[in-house]
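Chemist: Pasting a structure here, questions to come.
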Amino acid sequence: MKRLWQTLGLLAPCWAAGALHGAAPAVTTLYPAGGRPGTTFPLTVTGAVGKTAPAVWADHAGITFKPGAKPNAFEVSLAADTPPGPHLVRFFNAEGASAPKTFMVGAASVAEVTDTEPNDDAHATAQALAVLPVTVNGRLDKAGDADAFKFTAKEGQWLVAVLQGYGLGMQMDPALRLLDEHGTELALGHDSYNLDPQIAYEIKKAGTYVLQVMGYAHPPAADVSLRGSPDHVYRLTITQEPTPRLAWPPGVKRGAKSSVQPLGWNCGAGDFKGPAFEVDASEAASGAEFVEIMGSGPEPLRVALFDGEPVLEMEPNQTAKEAEAHVLTPTGAVAWHGVLQSPGDEDRLMFATKKGETYVFKVASSTLHAPLDAWLRVENLVGTLIGQADDAKEGNFDPVLNWKAPVDGKFVLAISDRFQRGGWDFVYQVQISPASAVPVRPMVLGTLTENALKLEAGKTAELKLTAAVTGEFKGKLAATVTGLPAGVTVAEVEVPGKKGGEVTLKLAATAEVVSFSGPVEVVVKTSPPDAAAEYKAVYDLRGVEPRGDRLVNEDSRVWLSVAGKPAVKETEEVKTQDARPEVGSGAK
């Protein structure tokens, strides 16, 4: 029987779930929301799943779900070689699929536990954690809930606590409190690069400490009270191990392999820098602004991409006079890498200009999850303001400045924090590009409003694609759908090559089509004389009122449900078995 299901692949779970004949699953949360490679554990889902357990798809073959005693209960197995980091899973039946849900695979070296109630009282009932590092899979079950965990911390190291809740897709605004054994608050963590809190605290005295988890409403409510429900799920990692947050330098050259150092707590004595490692940007997606790397920390590390050549800031460079020691003459793209080392620090770079040349200055810092809220200025040699930029747009704190040089000469580029902050983690990259020397790279950004589509035998269904085009394409751009099963076709649609726009893709199924459930992708393809390229369209996973990045912000895999003939005929063997097979996943 097991061999039969393996042969059927994705069609088998669809057929097994076909008896549901109702609504598609509407899963809201997974609990726990992640696990450790090489382990098997129970998992429950909230939301509407129907009377029979839905099938499950995951984006990596090492993640498998086996139905349990109830429709919303599963046994999850993570293969030992499952890559750590955020993954996507879907629950589906013959009627369709739930929206993708983020499932976090932790590090093999970090133990995982589940929170145990009662643990609301920070002193009397705080749950004891035997060893660090550890990841706690928890849930704030009801209004007023505040989970507490106690542990022993070592002297002379940073204690780092990273909570993932909002980043997992939960509609919550969580917070953390660090207390000593007497109940004195030592640190409070609220928002970081999103609504999820982080705490980094240098332990001066070995002893017992307590971390308390709380949650507030998101979107914000007039009633500022602690919230909780079965959907307030979180993962809390507590560690005194090296915890990278950023990279130095913060950018690597697109299409190449480069060496960087991790920047983070316990990574290096004094300078927070750890041993160098290689970043391979040779296969970065076209148009990508950064790559993400999963290391020893609980979250992916972002490294910016750039074109051209790198330039490291040279201290001292607080003033224009100090910046005169190193004058840049940008004839092509340049990436200036630096760090605002202390509060009030302002970095300056002197550069030579050509009259009438337009220069583009683009900052990457906040998008890398650095705390810098940058301003950017062009000044003359006596400090007079010539041009300036702040936030690029709502929710993006990285400025972009387009500036036209009035004369041949020298000018100064200055950068600092809006609130005069600074420190080892206030790193930045500024891409400097003379417009005449660096042609705009042609690119298509395709967006979709739907993440799932249902198609019936003998009928058609439509997918709407909005394409934004930058640069110049000389050939035609054609949108199509890849990964379609036999019996389903789509006609390519031309995308306007200059400005882009909205186009409609029409999928058609034959009357004899076989039932299918699985992912497909919408792509825009180039044609000669343009270089061969494909641009995948994506849909948004940021949710209601987005406040910063989630662990997964978007995805390109649209779920296609085809209602047609059964994939296979039932046999007597099948009839005597549980109609809910163990379901694997597609390769990532």
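Chemist: Would you please classify the overall shape of segment 146-281 from the alpha carbon gyration tensor, given that a ≥ b ≥ c denote the square roots of the eigenvalues, rounded means a/c under 1.5, and beyond that prolate means a/b larger than b/c while oblate covers the rest?
Modeler: Oblate is the answer for segment 146-281, as a/c is 1.5 or above yet b/c matches or exceeds a/b.
Chemist: Just tell me the longest site-free run in the chain, where the sites are GluC sites (Glu not before Pro) in a DSSP loop having at most 15 other beta-carbon atoms within 10 Å.
Modeler: 1-154
Chemist: Check cross-link reach from LYS498 to the aspartates and glutamates: straight Cα distance under 18 Å, and skip same-chain residues fewer than eight apart.
Modeler: GLU472, ASP530, GLU534
Chemist: While we're here: Using helices alone, what [θ] at 222 nm do you get for the chain, with -39,500 (n - 2.57) per DSSP H run of 4 or more residues, divided over all residues and rounded to the nearest 500?
Modeler: Calculated mean residue ellipticity at 222 nm is -1000 deg cm²/dmol.
Chemist: May I pose another question? Rounded to the nearest 0.05, what FRET efficiency do ALA468 and ALA437 have when you use their Cβ-Cβ distance and R0 = 25 Å?
Modeler: Using R0 = 25 Å, I get an efficiency of 0.55.
Chemist: Through the Karplus equation 6.51 cos²θ - 1.76 cosθ + 1.60, θ set to phi - 60°, convert the phi angles of segment 318-323 into ³J(HN,Hα) values in whole Hz; use x for Gly and Pro.
Modeler: 6, 10, 5, 4, 5, 6
Chemist: Over 5 Å intervals from 0, what percent of Cα-Cα pairs in segment 443-563 sits in each interval?
Modeler: Once binned at 5 Å, the Cα pair distances of segment 443-563 give 2, 11, 21, 20, 17, 14, 10, 4, 1, 0.
Chemist: Quick one: net charge around PRO25, please, counting Lys, Arg +1 and Asp, Glu -1 for every other residue with C-beta under 9 Å from its C-beta.
Modeler: Neighbourhood net charge equals 0.
Chemist: Right, another one. Counting other beta carbons within 10 Å of each residue's own, what order do ASP147, ASP373 fall into, fewest first?
Modeler: Fewest-to-most ranking of ASP147, ASP373: ASP373, ASP147.
Chemist: A further question on this structure: If I histogram all Cα-Cα distances within segment 513-553 using bins 5 Å wide from 0, what percent of pairs lands in each bin?
Modeler: Percent of pairs per bin, in order: 5, 15, 14, 13, 15, 15, 13, 8, 2.
Chemist: Now, a different point. Taking square-rooted eigenvalues a ≥ b ≥ c of the alpha carbon gyration tensor, is segment 386-476 rounded, prolate or oblate, where a/c under 1.5 means rounded and, failing that, a/b exceeding b/c means prolate?
Modeler: Because a/c hits 1.5 or more and a/b fails to exceed b/c, segment 386-476 counts as oblate.
Chemist: Still on this structure: Tell me, THR39, THR82 in order of fewest to most beta-carbon neighbours within 10 Å?
Modeler: The most exposed by this proxy come first: THR39, THR82.
Chemist: Same structure, new question: Subtracting the Cα-Cα distance from 0.36 nm times the residue separation, let me have the gained length for ALA48 to ALA532 in nm, one decimal.
Modeler: Net length gain for the segment: 169.9 nm.
Chemist: Oh, and also: When ASP347, ASP390, ASP223 are ordered from fewest to most other Cβ atoms inside 10 Å of their Cβ, what list results?
Modeler: ASP223, ASP390, ASP347
Chemist: Provide the FRET efficiency to the nearest 0.05 for the GLU315-GLU202 pair, computing r from the beta carbons and using R0 = 35 Å.
Modeler: Working from the Cβ atoms, E equals 0.90.
Chemist: Using a cut-off of under 13 Å, list every residue of segment 121-154 whose amide N is near the label point 7 Å from the Cα of HIS182 along the Cα-to-beta-carbon line.
Modeler: none
Chemist: Shape verdict for segment 249-296, please, from the Cα gyration tensor: rounded (a/c under 1.5), prolate (a/b greater than b/c) or oblate.
Modeler: Note, shape of segment 249-296 comes out prolate.
Chemist: Would you calculate the separation in nanometres between label points at ASP391 and THR40, each defined as 7 Å from the Cα along the Cα-to-beta-carbon direction?
Modeler: 5.0
Chemist: Just how far, in whole angstrom, is segment 88-131 from segment 407-472 if you go by their alpha carbon centroids?
Modeler: Segment 407-472 and segment 88-131 have Cα centres spaced 33 Å from each other.
Chemist: Using DSSP to call loops (not H, G, I, E or B), can you name the trypsin sites (Lys or Arg not before Pro) in segment 47-107 whose Cβ has at most 12 other Cβ atoms within 10 angstrom?
Modeler: Passing both the DSSP loop test and the Cβ count: LYS51.
Chemist: Using only the alpha carbon atoms of segment 309-434, find the Kirkwood hydrodynamic radius as the inverse mean reciprocal pair distance, in angstroms to one decimal.
Modeler: The Cα-based Kirkwood calculation yields 14.3 Å.
Chemist: Within the set of other residues whose C-beta is less than 12 Å from the C-beta of ALA511, count the net charge using Lys and Arg as +1 and Asp and Glu as -1.
Modeler: It works out to a net charge of 0.
Chemist: For segment 289-387, run through the trypsin sites (Lys or Arg not before Pro) and keep only the ones in DSSP coil with at most 15 other Cβ atoms within 10 Å of their Cβ.
Modeler: When the trypsin sites (Lys or Arg not before Pro) of segment 289-387 are filtered for loop state and at most 15 Cβ neighbours within 10 Å, LYS355 remain.
Chemist: Normalised by the empirical 2.2 N^0.38 Å for globular proteins, what value does the Cα Rg of segment 228-332 take?
Modeler: In units of the 2.2 N^0.38 Å rule of thumb, it is 1.38.
Chemist: May I pose another question? Run the reach check for LYS253 against lysines, Cα to Cα strictly under 23 Å, same-chain hits fewer than 8 apart removed. What comes back?
Modeler: Result set, ordered by chain and number: LYS273, LYS362, LYS536.
Chemist: Something else now. To check my understanding: the extent here is largest minus smallest coordinate of the Cα atoms along each principal axis. What are those three numbers for the chain, in Å, largest first?
Modeler: Principal extents (largest minus smallest coordinate, Cα): 87, 71, 45 Å.
Chemist: Same structure, new question: For the pair LYS565 and HIS190, what calculated FRET efficiency results from E = 1/(1 + (r/R0)^6), where r is the Cβ-Cβ distance and R0 = 45 Å, to the nearest 0.05?
Modeler: It comes out at approximately 0.25.
Chemist: Something else: Explain nothing, just the number: relative contact order of the chain, from Cα pairs under 8 Å at least 6 residues apart, as a whole percent.
Modeler: Averaging sequence separation for qualifying contacts and normalising by length gives 13 percent for the chain.
Chemist: Same structure, new question: At MET294 and ALA511, where each label point lies 7 Å from the Cα along Cα→Cβ, what is the point-to-point distance in nanometres?
Modeler: Calculated label separation equals 4.8 nm.
Chemist: If the cut-off is 18 Å between C-alpha atoms, which lysines fall inside it for LYS204, apart from same-chain ones fewer than 8 positions away?
Modeler: Candidates past the 8-residue exclusion: LYS150, LYS154.
Chemist: Of GLN341, ILE63, PRO528, which is farthest along the charge dipole of the chain in the positive direction, counting Lys and Arg as +1 and Asp and Glu as -1 at C-beta?
Modeler: Toward the positive end, the furthest listed residue is PRO528.
Values in this text are rule-based calculations from the coordinates and carry no lab data. What you see is a predicted model, and the numbers here were worked out from it, not measured in a lab. Heads up, the Cβs are rebuilt from the backbone with ideal geometry, glycines too, and the neighbour counts pull from every protein chain shown.
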